[in-house]
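Here is the structure we will look at.
The values are calculated or read from the model by the stated rules, or taken from the named source; none is laboratory data. Quick caveat: nothing in here was measured; it's all calculated off a predicted structure. Note that we place each Cβ from the backbone using ideal geometry, even for glycine, and neighbour counts take in every protein chain shown.
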Amino acid sequence: MRIEWQIAPSDEWRAEAVIFFLFEKPHEYLPGLRQFLEGTGKWLAGSTALIDFRGKPSEVAVLYAPAGEKAVRRIILVGLGPAEHFEAERLKNASALALRKCRDLGIDRPGITISALKGFPAPAPVYSSAVEALLRDSLTGAMAGLYRFGEMKTKDADTGQEGPETILLLDDEAPGKVLLEAVDLAQSETAGIILARNLTISPANRATPLFIADTASEVAGRFGFKIEIIDLDLARSMGMGAFAAVAKGSTEPAFVIIMEHSPPGTLDDAPLVFIGKGITFDTGGISLKPRDKLEEMKQDMAGAASVLGLFEAIGRSRLSRRVAGILPCAENMPGGRAYKPGDVFRCYSGQTVEIISTDAEGRLVLCDALAYAAERFKPALMIDIATLTGASIMALGREVAAILGNREDLVNSVRQIGASVGERFWPLPLWNFYFDALKSDVADMKNVGDRGAGTIIAAMFLKQFVPDEIPWAHMDIAGTAWTDKDTGFSPKGPTGFGVRTMFEIARKWEKK
């Protein structure tokens with residue numbers, strides 16, 4: 001989708017429809033709409049349809065100009081709900097619904113006025129009412145909200161209009177550098193979100209570890225990233241015993257994928273390292289999962305998908321700092337060579353782990369990736385992202401991810417950055433006594449504890465593989481990687497959760 005600027009007074013706008021946002025009444029109209037009603041849109045000011053529009057969340061209306069109107073012939077009104085509850089997510093969802101309405105009507109060139117993004121409230125410090133921030137959220141919501149995955153349908157596929165060809169940004173003066181950057185960021189992060197969604201929704205017989213590796217190679221080739229792909233034999237010889245244990249039960253080849261973005265002059269900098277769990281299908285192994293909704297376990301590589309989406313965004317935005325990504329990718333299968341409860345394996349760090357449940361495999365592939373990243377890159381910051389525990393869903397539901405780490409200020413910073421782009425995280429503690437649940441009689445630790453504090457225990461396990469001097473945070477996105485309801489910004493299915501937060505961290509961490 002193209003984004004074009006149209007610099008002209010409102011009586012010269014040439015858009016097939018113009019979008020305006022309204023808060024729920026009795027809140028007054030935002031300045032951009034008021035300005036339009038007093039000028040070119042006088043025909044709209046007395047419209048009963050405008051009076052009847054309440055501005056409730058998800059409310060969308062199309063209002064038509066009288067015959068003979070030469071400039072704007074359609075106005076699309078989108079509700080934001082109560083002004084006192086405004087947050088970035090509301091604007092993203094509203095923009096998505098507006099663009100879907102354009103798709104339904106075959107409108108190819110809708111417009112968003114810059115003036116329509118002025119006068120928004122900023123109810124909390126983490127949200128910004130700056131026009132450039134609202135423009136970025138609006139465009140990201142509009143483009144990501146049109147998402148569809150129809151590549152594998154041959155019947156009953158929606159083969160109609162995919163959405164507008166161009167979004168026009170309407171203003172009466174040329175945009176400055178800040179607004180141009182907002183547009184670029186929106187396009188970059190949307191491309192990353194869509195890549196992450198496409199990988200997460202793909203069936204496991206397509207999105208195999210090899211498919212993930214090929215996709216990573218394609219992304220690296222387009223943007224000039226360094227890439228290294230470690231196969232199972234090499235991983236085993238390097239000492240990645242935990243990763244190899246998980247991978248050996250499947251006939252699908254397993255890989256540890258390492259990507260690096262090192263712009264000129266940054267090679268000596270300590271990088272930010274992002275690690276994504278890439279279990280492309282999780283049966284539970286010998287500790288077999290129940291049959292209900294087992295097909296959803298294709299989503300267990302959503303963390304790796306989000307890291308790849310991050311690199312898509314980094315490449316498109318030409319980020320000027322050093323960033324590395326590690327994707328340990330494997331299937332967890334109950335084959336004849338599969339690892340078993342009671343087995344003990346030596347990890348890359350040299351520590352030994354007793355397997356209690358083969359369905360706690362994500363932490364095993366991550367622990368080797370964390371230890372390897374710490375040794376190889378000496379990171380300035382290390383973050384892992386994973387659909388790791390069902391316990392996080394029980395604790396926080398499906399709209400909030402858990403965040404844990406070895407520094408409280410780091411955890412709080414990640415939470416605030418996530419909130420600023422509409423991704424919610426909630427911190428959980430990592431007090432030392434939680435390790436008691438992982439003590440083993442035959443190894444350095446077990447891979448699970450009892451049923452209590454499952455998300456915390458999983459993160460405590462990972463913490464054992466992170467040197468104290470390296471700032472580290474763990475994102476458990478088990479609940480947020482997929483949505484069973486259409487939110488606007490995220491149609492039903494994969495969300496691409498984490499891409500925007502990691503992208504913001506990559507852009508801004510030096511300032512934290």
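Can you say whether LEU30 is closer than 22 Å to SER138 by Cα, aliphatic (A, V, I, L, M) and over 33 Å from the mean Cα position of the chain (by Cα), as far as the supplied structure shows? Give the steps one after another, and end with the answer.
Working: closer than 22 Å to SER138 by Cα: yes; aliphatic (A, V, I, L, M): yes; over 33 Å from the mean Cα position of the chain (by Cα): no.
So LEU30 fails the test.
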Mind listing whichever residues of region 24-60 are surrounded by 16 or more Cβ atoms within 10 Å (Cβ to Cβ), in contact with a Lys or Arg (Cβ under 9 Å, 6 or more places away or on another chain) and free of Cβ contacts under 8 Å to residues at least 40 places away in the same chain?
PHE53, GLY55, PRO57
Looking only at region 62-80, which residues are within 38 Å of the chain's Cα centre (by Cα) and either free of Cβ contacts under 8 Å to residues at least 12 places away in the same chain or buried (at least 17 other Cβ atoms within 10 Å of the Cβ) (or both)?
LEU63, TYR64, VAL72, ARG74, ILE75, ILE76, LEU77, VAL78, GLY79, LEU80
Would you confirm whether or not region 296-308 contains a residue that is without any contact (Cβ under 8 Å) to a residue 12 or more places away in the chain, assigned by TED's automatic domain parsing to the domain that holds ALA213 and surrounded by fewer than 22 Cβ atoms within 10 Å (Cβ to Cβ)?
no
Condition first: farther than 15 Å from LEU135 by Cβ, outside any helix (DSSP H, G or I) and modelled with pLDDT of 95 or more. Now tell me which residues in region 168-216 satisfy that.
SER202, PRO203, ALA204, ASN205, ARG206, ALA207, THR208
Do you know which of the residues in region 493-510 that are at pLDDT 95 or above and among the charged types (D, E, K, R) is surrounded by the most Cβ atoms within 10 Å (Cβ to Cβ)?
ARG500
Taking region 455-487 as the search range and keeping residues that are of a type in the set (A, V, I, L, M, F, W, C) and farther than 21 Å from ILE417 by Cβ, which one is surrounded by the most Cβ atoms within 10 Å (Cβ to Cβ)?
ALA458
Inside region 455-512, the number of residues satisfying the requirement of being touching a strand residue (DSSP E or B) at 6+ places or on another chain (Cβ under 8 Å) and acidic (Asp, Glu) is 1
Hey, any hits in region 143-165 for a residue that's among the hydrophobic types (A, V, I, L, M, F, W, C), part of a helix (DSSP H, G or I) and over 30 Å from VAL256 (Cα atoms)?
yes
Any residue that is in contact with a strand residue (DSSP E or B) (Cβ under 6 Å, 6 or more places away or on another chain), surrounded by 12 or more Cβ atoms within 10 Å (Cβ to Cβ) and farther than 30 Å from ALA130 by Cβ - is there at least one of those in region 154-161?
no
Counting only helices (runs of 4 or more DSSP H) wholly inside region 360-456, the ones holding at least 1 residues that are more than 30 Å from ASP269 (Cβ to Cβ) are 362-377, 390-396
Taking SER349 as the residue in question, decide whether it is closer than 27 Å to PHE435 by Cβ and at pLDDT 95 or above.
yes
